[in-house]
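Comments concern the structure below.
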Amino acid sequence: MIQTSQITVQSLACIDIQTLRNCFNNVFKNYYVPLQMSREQFADKLSTEAVDLKWSFGILDGEDIVGFVLNGIDVAGNQKITYNAASGILAEYRGYRLSYMLYEHSIQQLKEAGIVKIILEVIEQNIEAKKIYEHFG
């Protein structure tokens, strides 16, 4: 059982990249297609997908990152858009609606920054993720 009073959401701008990579690898180690990235691969993902850690957000339990959404920012036409490059919650923290907390915060911050559209991809079998994404439109 987690203590939700210690759970916070914040920008990932102040999170060490290796700490974020470790969380990423732990989130995706038992995924539909297990995914583990080296330092170089993770840095390349962030760069290639234009992930801006200022506009990406993490769920923290005290000082430990337990979930994240990585947002790439771009301009299409005259509109600022976001690409959800990856998101996830550590297995032991799932089932506490932390994804909803993370997305509520993220969407609010992105709207305030002038983002008008969020794009993402989801594996068809990932029913739980699809429910969350559909909830937020």
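The values are calculated or read from the model by the stated rules, or taken from the named source; none is laboratory data. Worth saying up front: this structure is predicted, and the values here are computed from it rather than measured. As a convention, Cβ positions derive from the backbone with ideal geometry for all residues, glycine included, and neighbour counts pool all protein chains shown. Calculation scope for accessible area: heavy atoms of the full protein, side chains included, ligands and nucleic acids excluded. Shrake-Rupley method; radii C 1.70, N 1.55, O 1.52, S 1.80 Å.
Residues considered: GLN36, GLN41. Of these, the only one that is without any contact (Cβ under 8 Å) to a residue 40 or more places away in the chain, open to solvent by 80 Å² or more (accessible area, probe 1.4 Å) and in a loop (DSSP other than H, G, I, E, B) is GLN36.
Within the stretch 1-13, can you find the residues that are surrounded by 15 or more Cβ atoms within 10 Å (Cβ to Cβ) and either at pLDDT below 95 or outside any helix (DSSP H, G or I) (or both)? Steps first, please.
Taking the stretch 1-13 first, the residues surrounded by 15 or more Cβ atoms within 10 Å (Cβ to Cβ) are 7, 9, 11-12.
Across the stretch 1-13, the qualifying residues are ILE7, VAL9, SER11.
When you check ASP61 against the structure, is it within 24 Å of GLN18 (Cβ to Cβ), without any contact (Cβ under 8 Å) to a residue 24 or more places away in the chain and surrounded by 13 or more Cβ atoms within 10 Å (Cβ to Cβ), yes or no? So that I can check it myself, show each step before the final result.
Numbers: within 24 Å of GLN18 (Cβ to Cβ): yes; without any contact (Cβ under 8 Å) to a residue 24 or more places away in the chain: no; surrounded by 13 or more Cβ atoms within 10 Å (Cβ to Cβ): yes.
No; evaluated as a whole, the condition is false for this residue.
Of all residues assigned to the stretch 14-22, none qualifies as being more than 22 Å from ASN126 (Cβ to Cβ), among the acidic types (Asp, Glu), outside any helix (DSSP H, G or I) and touching a residue at least 24 places away in the same chain (Cβ under 8 Å). Candidates in the stretch 80-137 are the residues that are open to solvent by 100 Å² or more (accessible area, probe 1.4 Å) and farther than 20 Å from VAL9 by Cβ; of these, the one that is modelled with the highest pLDDT is LYS117.
Checked against the criterion of being over 13 Å from LEU70 (Cα atoms) and of a type in the set (Phe, Trp, Tyr), the stretch 19-29 contains one or more residues that satisfy it.
Scanning the stretch 111-121 for residues that are of a type outside the set (Val, Ile, Thr) and over 17 Å from GLU49 (Cα atoms) returns LYS111, GLU112, ALA113, GLY114.
Given the criteria farther than 23 Å from LEU98 by Cα and either surrounded by 12 or more Cβ atoms within 10 Å (Cβ to Cβ) or touching a residue at least 24 places away in the same chain (Cβ under 8 Å) (or both), does PHE28 qualify? No. SER47 fulfils the conditions (1) among the small types (Gly, Ala, Ser); (2) at pLDDT 95 or above; (3) open to solvent by less than 30 Å² (accessible area, probe 1.4 Å) except for a single criterion, (3). Based on this model, can you work out whether LEU70 counts as surrounded by 17 or more Cβ atoms within 10 Å (Cβ to Cβ), assigned to a helix (DSSP H, G or I) and in contact with a strand residue (DSSP E or B) (Cβ under 7 Å, 6 or more places away or on another chain)? So LEU70 does not fit the description; no.
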